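Chemist: Structure provided below as structure tokens; questions to follow.
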Amino acid sequence: MQEAMLRAAQTWPFQGVPEKPEAWLFRVAHNHAISALRRGSRFEDNAGELIAALEATTQCIEDVEVEQSLRDDELRMIFMCCHPELAQDARVALSLKLVCGFSVSEIARIFMAEESTIAQRLCGQSADP
């Protein structure tokens, strides 16, 4: 049902709400459940082959490689956005802005808040043009 609600949030603003929204949600949820069951059975059928392929290509990661990957700018941004001293809503807003590239107006719609409130959460940035 969660996937159906997400799909509705993504499509209804552009295509409009269907005549029977409950039926639409049920059909999308039903189709998603069937797809998940099919994927699960396909995975179980091919699990042995997948595990063997993954084990064949897996390489040990050395400490040096991990240290170098921590220097990655995007990863540092994620860590900064998730700093425990920030309020949770500020962490989410920063992550959406810096890591995902959402605009202030898009984040405001997600939070169902005023753009000025979101801009303030983002350390005094003004709303996007």
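A short reminder: the numbers here are calculations on the coordinates, not readings from a lab. Please read all numbers here as calculations on a predicted model, not as lab measurements. Heads up, the Cβs are rebuilt from the backbone with ideal geometry, glycines too, and the neighbour counts pull from every protein chain shown.
Chemist: Show me 1-12, 89-100, 39-50 ranked by packing, highest mean number of other Cβ atoms within 10 Å first.
Modeler: By packing density, highest mean first, the sequence is 89-100, 1-12, 39-50.
Chemist: Using 0.36 nm per residue, how much length does the chain from residue 53 to residue 83 gain when fully extended, once their Cα-Cα distance is taken away?
Modeler: Extra length from residue 53 to residue 83 when fully extended: 7.1 nm.
Chemist: Same structure again: Compute the length gained on full extension between residue 2 and residue 17: take 0.36 nm times their separation in residues and subtract their Cα-Cα distance, giving the result in nm to one decimal.
Modeler: Result for the pair: 3.7 nm of gain on full extension.
Chemist: Starting from 0.36 nm per residue, how many nanometres of slack lie between residue 111 and residue 30 once their C-alpha separation is accounted for?
Modeler: Length difference between fully extended and current span is 26.3 nm.
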